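The values are calculated or read from the model by the stated rules, or taken from the named source; none is laboratory data. This is a predicted model, so every value here is computed, not measured. As a convention, Cβ positions derive from the backbone with ideal geometry for all residues, glycine included, and neighbour counts pool all protein chains shown. Remember, those area values only see protein heavy atoms, side chains included, never the ligands or the DNA or RNA. Shrake-Rupley method; radii C 1.70, N 1.55, O 1.52, S 1.80 Å.
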Amino acid sequence: MKIAFITDIHIAGEGETPAGIDVRANFLKALDAVRSMKPDCLVIGGDLCFDVGVREIYQWIYKQLQNDLPCQWYAIPGNHDDSVMMAEELHLSRHLTGTELYSAIPLDGYPALFLDSSKGSFSDTQWAWLADELAVISYNVLIFCHHPVLPANAQFMDTKYPFRQQNQWVETTEELPCRMQVISGHYHTEATVMRGNTTVLVTPSTYIQLDPHTPELKLVNTGPYLREIDVTTNGVSSRVISL
């Protein structure tokens, strides 16, 4: 099974080019790469909107996703999204629990969880659901979550905008028999983090990147990027592709 993962697309209003970047063109370029790749599915990893959730932007994204994609697609919210609005406009409302958008959807029979970290944390309800889902998985599971659930050695983002329940993640998962591959974005850089039975693959943005080595916000104008994930009987492998 091949999965395409793009994240932090940060779509702005029509004609707007934040930081001089045509974010809509970058997103369309990523979709063209998906068409060429012909994966089994596409996952969009959050921060679909540039700053805050906007209905017209979600509607535009949904329209593009209906345009001859060769595969099923999935989407999770990020901190710049409105989970309820996003679910309504992307026709994902069946996966809403209260104001959170999360679900368990096997991918070609492989366990996969789609989480909502849009508030920088999970509600007690989502934590309880997550614990129940993980408790019945004995081997590997793919987890898609906008925020890296562990520190990723990215100075600015680890300090200013981390997932606020990192300790709870470890406490909840460290004794489980399954191995978790968490596919994330949010940090606008590439990183791999391994701790116990959790591996986090942090994915760069289709918009713009952040220098992980400085404590201050420093933009790096590279991208767009796409992560390719291959799941075989030998395990999970992944690479980041510059488009």
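Of all residues in the range 167-193, those that are over 12 Å from ARG227 (Cβ atoms) have Cβ atoms under 9 Å from Cβ atoms of residues that are buried (at least 17 other Cβ atoms within 10 Å of the Cβ) and of a type in the set (Asp, Glu), 6 or more apart or on another chain, in HIS186/ASP8; HIS186/ASP47; TYR187/ASP8; TYR187/ASP158; HIS188/ASP8. Of the residues making up the range 122-137, not a single one is touching a Leu at 6+ places or on another chain (Cβ under 8 Å), of a type outside the set (A, V, I, L, M, F, W, C) and free of Cβ contacts under 8 Å to residues at least 24 places away in the same chain. Out of all the residues in the range 221-231, is one or more within 19 Å of PHE50 (Cα to Cα), in contact with a helix residue (DSSP H, G or I) (Cβ under 8 Å, 6 or more places away or on another chain) and open to solvent by 70 Å² or more (accessible area, probe 1.4 Å)? Yes, because at least one residue in the range 221-231 is within 19 Å of PHE50 (Cα to Cα), in contact with a helix residue (DSSP H, G or I) (Cβ under 8 Å, 6 or more places away or on another chain) and open to solvent by 70 Å² or more (accessible area, probe 1.4 Å). From SER121, SER117, which residue is at pLDDT 95 or above, in a loop (DSSP other than H, G, I, E, B) and open to solvent by 10 Å² or more (accessible area, probe 1.4 Å)? So the residue among SER121, SER117 that is at pLDDT 95 or above, in a loop (DSSP other than H, G, I, E, B) and open to solvent by 10 Å² or more (accessible area, probe 1.4 Å) is SER121.
Every residue in the range 65-85 that is among the polar types (S, T, N, Q) and over 15 Å from CYS41 (Cα atoms), please. Talk me through it step by step, then tell me what you get.
Just the residues of the range 65-85 that are among the polar types (S, T, N, Q), to begin with: 66-67, 72, 79, 83.
Within the range 65-85, ASN79, SER83 meet the criteria.
Given the residues TYR139, TYR110, which is the only one that is open to solvent by 50 Å² or more (accessible area, probe 1.4 Å) and either out of contact with any strand residue (DSSP E or B) (no Cβ under 9 Å at 6 or more places or on another chain) or not charged (D, E, K, R) (or both)? Spell out the reasoning first.
Details: TYR110 fails: open to solvent by 50 Å² or more (accessible area, probe 1.4 Å).
TYR139 is the lone residue from the list that is open to solvent by 50 Å² or more (accessible area, probe 1.4 Å) and either out of contact with any strand residue (DSSP E or B) (no Cβ under 9 Å at 6 or more places or on another chain) or not charged (D, E, K, R) (or both).
Let's see how each residue does on (1) more than 16 Å from VAL193 (Cβ to Cβ); (2) not small (Gly, Ala, Ser):
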residue: ASP116; (1), (2): yes, yes
residue: LYS119; (1), (2): yes, yes
residue: TRP129; (1), (2): yes, yes
residue: GLU133; (1), (2): yes, yes
residue: VAL136; (1), (2): yes, yes
residue: PHE144; (1), (2): no, yes
residue: HIS147; (1), (2): no, yes
residue: ALA152; (1), (2): no, no
residue: LYS160; (1), (2): yes, yes
